[in-house]
1. Are any residues in the range B:94-110 touching a residue at least 40 places away in the same chain (Cβ under 8 Å), within 17 Å of B:K81 (Cα to Cα) and either crowded, with 19+ Cβ neighbours inside 10 Å or at the interface with another protein chain (Cβ under 8 Å from one of its Cβ atoms) (or both), and if so, which ones?
2. With the checklist (1) away from chain A (no Cβ under 14 Å); (2) acidic (D, E); (3) in contact with a strand residue (DSSP E or B) (Cβ under 8 Å, 6 or more places away or on another chain) in hand, flag the one item B:E79 doesn't pass.
3. Out of all the residues in the range B:3-23, which are part of a strand (DSSP E or B) and of a type outside the set (K, R)?
4. Exactly one of these conditions fails for B:V138: (1) in a loop (DSSP other than H, G, I, E, B); (2) surrounded by fewer than 12 Cβ atoms within 10 Å (Cβ to Cβ). Give me its number.
Amino acid sequence: MSSTFDQIANIIAETCDIPRDTIKPESHAIDDLGIDSLDFLDIAFAIDKAFGIKMPLEKWTQEVNDGKATTEQYFVLQNLADRIDELVAAKNAAPGA
Amino acid sequence: MDIDYFRLIDRIVDLNLDEKRITVEAQVPAVHTIFEGHFPGFPIMPGVLLTEAMAQSSGWLILGVLKFERMPFLAIVKEAKMRGFVSPGQLLTIEAKLEHEGSGFAVTKVKGRVGKDLKCSAELTFGLAPFPDPALRVHMDAMAHKIGFPLQAMTHD
């Protein structure tokens with residue numbers, strides 16, 4: 001089974017037409033890969049579907065805007081993969097999961 | 001359908017918030033200057049207007065799902081297919097289904113038919129934002145009333 005990072009990288013490559021081999025765990029989605037907010041909507045939809053979650057993009061954005069978090073925490077791809085793993089774990093731990 | 005004011009939906013036929021699905025009707029006018037140019041001797045509804053009609057149908061669905069707390073703005077059009085000509089005077093029936101409600105965005109799949117014939121379809125993504133101006137909210141309430149938006153549908157959780 002491919003890692004969460006690999007799944008995200010494949011989604012980004014396909015959605016944004018970015019060569020897969022240029023997408024690294026340390027890549028910043030915005031600063032390094034140049035993904036804009038509209039493309040990120042597409043990516044978020046694909047990630048939500050692939051993992052059965054709802055990434056809290058608005059909450060993350062608010063935290064960044066309020067200075068409570070850095071963009072690196074959410075948009076460096078390995079960190080994003082970790083956040084997704086946390087969301088999946090929380091979903092599986094929820095009652096009825 | 002009031003093309004001049006870009007109000008393309010005439011009536012909500014059905015809104016099912018449990019299934020997150022809406023059906024609306026849009027009567028294509030028999031006469032309009034658009035048809036004089038598009039096309040002389042062969043008047044048909046422009047594909048962009050069919051796409052807009054599908055977007056407005058989806059918009060009413062999303063407004064219902066969100067209880068009019070946020071406004072959907074069209075952001076991405078995917079897989080838009082104009083499958084057949086739509087002529088002046090025809091009645092379009094459009095069905096939209098909420099495919100996904102994400103954080104700050106929503107995705108719908110929409111189909112437009114004339115009778116049983118599938119005429120257009122698309123997958124649409126909307127950004128969801130607070131109403132940017134109170135006047136827009138007032139307008140949407142008035143339009144909801146005009147097209148028969150079943151406000152009682154939103155009281156059932």
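Each reported figure results from applying straightforward, stated rules to the coordinates on display, with no laboratory input. Keep in mind that what you see is a predicted model, and the values were worked out from it rather than measured. Please note: Cβ atoms are built from the backbone with ideal geometry, for glycine as well, and neighbour counts cover all protein chains shown.
1. Residues satisfying the conditions are B:I94, B:E95, B:A96, B:T108, B:V110.
2. Here B:E79 meets the rest and fails (1).
3. Looking only at the range B:3-23, we keep the residues that are part of a strand (DSSP E or B), and these are B:7, B:11-16, B:21-23.
The answer is B:I12, B:V13, B:D14, B:L15, B:N16, B:I22, B:T23.
4. Looking at each condition in turn, B:V138 falls short on (1).
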